[in-house]
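The block underneath contains the structure these notes are about, expressed in structure tokens.
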Amino acid sequence: MSKNAQLADRKFIIGGFFILVALIYIFRLFYIQLVDDQYLKDARNNAFRHRTEYPVRGYIFDRKGKLLVMNAQSYDLWVTPNQVKDCDTIAMCEILEIDKKEFLKRMKKARQAPNSPRKESIFEKQLSPAVYAALQEKLYRFKGFDVQSRTVRKYPRPIAAHLLGYVGEVSKEKAAKDPYYREGDYIGVSGIEKSYEEALRGVKGVQIVMVDVNNKTKGRYMNGMYDTLAVPGKALFSSIDAEMQEYGEKLMHGKKGSIVAIEPSTGEILCLVSNPSYDPNLLVGGKLRAKNYAMLQMDTLNVPLFNRATQAMYPPGSIFKLIDALIGQKDGVLKTSTVYPCHSGYPPMGGKPKCHAHPACDLTHSIQQSCNSYYSYVFRSIVDQPAFPKFKDGYQHWRDAVMSFGPGTKLGYDIPYEKPGNVPSVKYYDKVFGTNGWRSNTIVSLGIGQAELTIVPIQMANVVSIIANHGYYYVPHVIKGVGTEKKLDTMYTRKHYAYVTDHQIYENVIDGMQLVVESGTARTSKIPDIVMCGKTGTAQNPHGKDHAVFVAFAPRENPKIAIACVVENSGFGGTYAAPIVSLMVEKYLKGKITRPDIEKRMMEVDIINNKNLIPTKHH
Amino acid sequence: MRRDEHKLFYGVDRITILIYALLVIMGWLNIYAAVYNEAHQSIFDTSQKYGKQLIWIGGAIALATFILIIDANFYTVFAYFFYGFLLLACIAVPFLGREVKGSRSWFRFGDFGIQPAEFMKFATNLALAKFLSNENIEVENSSRRTRLSDLIKNYKNTIFAVAILGLPLVIIKLLQDETGLAIVFMAFIITLYREGLSINFLLFGLLSALLFVLSLVMDSKTLIISLSVISLLSFVFVRRTRKNVIIVSIILAAASGVVLGTNYVYEHLEPHQKTRIDVLLGRGTVDLKKEGYNVNQAKIAIGSGGFFGKGYLQGTQTKYDFVPEQDTDFIFCTVGEEWGFLGSSIVILLELTLILRVIFMAERQRSDFSRIYGYGVASVLFFHLAVNVGMTIGLMPVIGIPLPFFSYGGSSLWSFTILLFIFIKLDANRLLILK
Ligand SMILES: [Zn+2]
């Protein structure tokens, strides 16, 4: 017993040791269960699968409620690699029309990060109807494969491709930056599909599904408590008139160029034609889109993917004289009675810029005759006016005034990739000519819309819109309402004023524009019973034949449409651009064409292939 | 003597029985959760493990009752007999038993199987208690030794005791290749310590283990240099007598030997043993899809439980089979995931309370035999608890041993029940012993 008494204290050491170990374990549990949350994340990764429910993308309607863009079902083939068992590879390859090497490549891709053998990944995108039918029938034979449906875009009318844009797969960079997108998701890539992406796409829904170690579905997590429903995309109500758009595209057939029409009283874009174009249905569907896109991109002759209406920058030519006339009057250096000499050219510079033979004219007739000499004088009188002792200040003033009409600025309309055009800066000329190397006469051709001056067709239409409104514009837009409530951003309902706002100043210019159509450079384009006011122009083209330009609005009282048309390589504005505009205006205001012969001729002309050209008169 | 003496529960420690019952019930609930699936919801479905476990539990209750009925002296008298008999069974099973999943430790009866090695625990405990309680036996005689023959004579009893627990260890490891079942017999060292084994042995073991781990984690050269520096520094505190210098030198040499030996042994281990050590120590690159999978998934299951757990039958890790062997050796994962920190702490504390209760009971025994047997019970339970829970939370290497009263399996439940209830019977009998 004495021995035992001696050793009995060891019970404390033993018991203490047991307690110590238990405490260490509890502390360890405390750490991994309460402090470190990595295990919780890992457990979720293990057993939770987030199934995405894709919302229906919003439809797009024209201004009269006609459907421009809708959706169609498309089917993707998905694979979960570790569920694939005894797969009849040969049969699968036959159905998909791929070889075994490709099959193995795709399986490998599906296994590797960011994919995983236990997770689904896309094996073949947008199956053709034939492939889908063949697969559907035999799918039970291919364990681990699954067909899932998705919606793709469909265009009931093959028009307005540039304007509508297209939907494509989100880029890796975008997917990495924006948490909404995952690789493989669709996103609006151009046109209004891009600018209204957020409204159109809706909100993806997520279902949290639990799976076991073999990736077999075991039900909803918490009975779907944390699931979210997909919210369908909003419908867009466009201001585009599908009929006008279609008609404009027909008229532009065989020609390079564009037509932009705006409703001056709202800034709503009625049509935005850019030719050459393509059928928007070509850029739908995975494989098909890739193939067609490459094809369209390779056409460097016609550049069909290029949206000329918003991106092609042309020297404005004579239509720019309208802006000079407005600024000159406003600055008090030009009166309706002002007459300047013209000897087939601008006399102070030895007859440059050149002009054609015409009677001496006052302001109104200078527009009708499009006198180059007259506007050289006007330009210099603005730049060199006494209010600005230094001519560079005068030039800066002119530039600011011009830019208040839009050229050289971004208007901020709702079509992506806007190009501003260019009004050269003082700095630019200082660099080109040296600080003391230029005067107003050096740059006098700016006054007639030439030299470095460039402008985009939609800006041309906006300038006419300002004239029609006598001094203000609304930011042009193609979408006039988003969603069922047809909401419109307030930036499109705010008036923007140009430098000139005096009613009479505009009336004086409009008098000249009316004469242009009645008895001037566009007299062949007169529309019966409609007073159209316009201006022809010729955009100089150093690479070939000049581009024809015509801008107009109608009717004179309470204008309904302001329109600009550029026909590339067609020379003088009165030959093609003006008749096309007159047809568009007539179609819009009357709903019918009273001059079928002109219509027929315009549609048949194929400048691109040099067919059915109209002999040009020089004057 | 009172009349109550012959009642079944006379003197039985109710606290122990209560904890035992709690653990068995909680264990069954967790086995149900671990193998739960919608297709088989009836708890009596014997095609499912929870159904079978119910039968095992029934058997355990019968066994416990039987043990309480039998006279306590029976265990003392037949201690060596049990030991010998089960040792023979352990030797025989690889030759007579059927191979199940590559394991040669089972006797099978239809759907049910018995592992003799499980029952070897209580038999060894009985034998050890019987040997050490012999009046003339002392573990490690403390009298001064002068001659080598004295040394052997004095240590003879210790060596004999070690042999009692070493024999089943070696047989089960070598013949059945069941590391988990074999290594448990090491637990009896705690009993030996209580009965007088010098603490130096335990310290030596602990330090060796520490050195073992260090030499696997650190570079051998660095480690040996560090040890030499520590040895030199030790002379700041120890007088530099010739004797002390020799002792420190011998310790240093031995430690260096362990370091080099460890690396040698490690290099000659079998690959799966190497990876187990690698997984535990985080050595090299551990592939979480292969060798690290079990431990990682176990940690994920427990770690994702949070404070209150995910709720009964709501564990995704365990219910959806991410954790392997979640009903047997990894049953603690189900606890951790579904009952959280609260539940897993309660389980650990319950097991600990049971073990401490057993120690308390052991200390109140009048008979050496009962006390020694009690310590054996505490040691074995503790060893299982420490290794089983330790491996699921990444503090111990993966050794397949069950969590007492908790894990699925008839052999382990029965063997723990026998182990514990013999002690409860001995304890109930303590007042009748006149010593
Ligand atoms: Zn002239």
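Rule-based calculations on the coordinates, nothing more; no lab input. Fair warning: this is a prediction, and the values are worked out from it, not measured in the lab. All Cβ positions, even for glycine, are placed from backbone atoms using ideal geometry, and neighbour counts span all protein chains on display.
Remarks
- Candidate cross-link partners of A:K495 among the aspartates and glutamates, defined by an alpha-carbon separation under 17 Å and a same-chain spacing of 8 or more, comprise A:E263, A:E268, A:D414.
- Stretched out straight at 0.36 nm per residue, the stretch from A:D185 to A:I13 would grow longer than its current Cα-Cα span by 55.5 nm.
- Residues A:A451 and A:N558, FRET efficiency given R0 of 60 Å [Cβ-Cβ distance, rounded to 0.05]: 0.95
- Set of lysines near A:K600 by C-alpha distance (under 19 Å), chain-local residues within fewer than 8 positions excluded: A:K250, A:K255, A:K256, A:K526, A:K587, A:K590, A:K592, A:K611
- Magnitude of the charge dipole for region B:249-403, about its Cα centre and with charges confined to Cβ atoms of Lys, Arg (+1) and Asp, Glu (-1), is about 320 debye.
- FRET E, pair B:L431, B:A62, Förster distance 25 Å, beta-carbon r, rounded to 0.05: 0.45
- Only alpha carbons enter this Debye calculation for chain A, each as an equal point scatterer, and the log10 of I(q)/I(0) it gives at q = 0.05, 0.06, 0.07 Å⁻¹ is -0.34, -0.46, -0.57.
- Taking every alpha-carbon pair under 8 Å whose residues sit at least 6 apart, region A:50-238 reaches a relative contact order of 33 percent.
- With 18 Å as the limit on Cα-Cα distance, the pairs of A:K41/B:K310; A:K64/A:K480; A:K194/A:K480; A:K330/A:K535 that go past it are A:K330/A:K535.
- Orientation-averaged projected area, Cα convex hull of region B:198-268 (nm²): 5.2 nm²
- Reachable lysines, given that their alpha-carbon falls under 16 Å from the alpha-carbon of A:K291 and they are not under 8 places away in the same chain: A:K125
- 18 Å reach of a label modelled at A:T336, 7 Å along Cα-to-Cβ, counting backbone N of region A:491-510: A:501-510
- Average beta carbon contacts from partner chains per residue of A:33-42, 10 Å cutoff: 6
- Loop-located chymotrypsin sites (Phe, Trp or Tyr not before Pro) across region A:398-453 with a Cβ neighbour count of 16 or fewer within 10 Å are A:Y417, with loop assigned by DSSP.
- Centre-to-centre separation between the Cα atoms of region B:403-435 and those of region A:1-58: 28 Å.
- When the convex hull of its Cα atoms is viewed from all sides, region A:50-238 shows a mean projected area of 12.5 nm².
- Dimensions of the protein assembly as shown from C-alpha coordinates, computed as largest minus smallest value along each principal axis and given longest first, are 146, 74, 54 Å.
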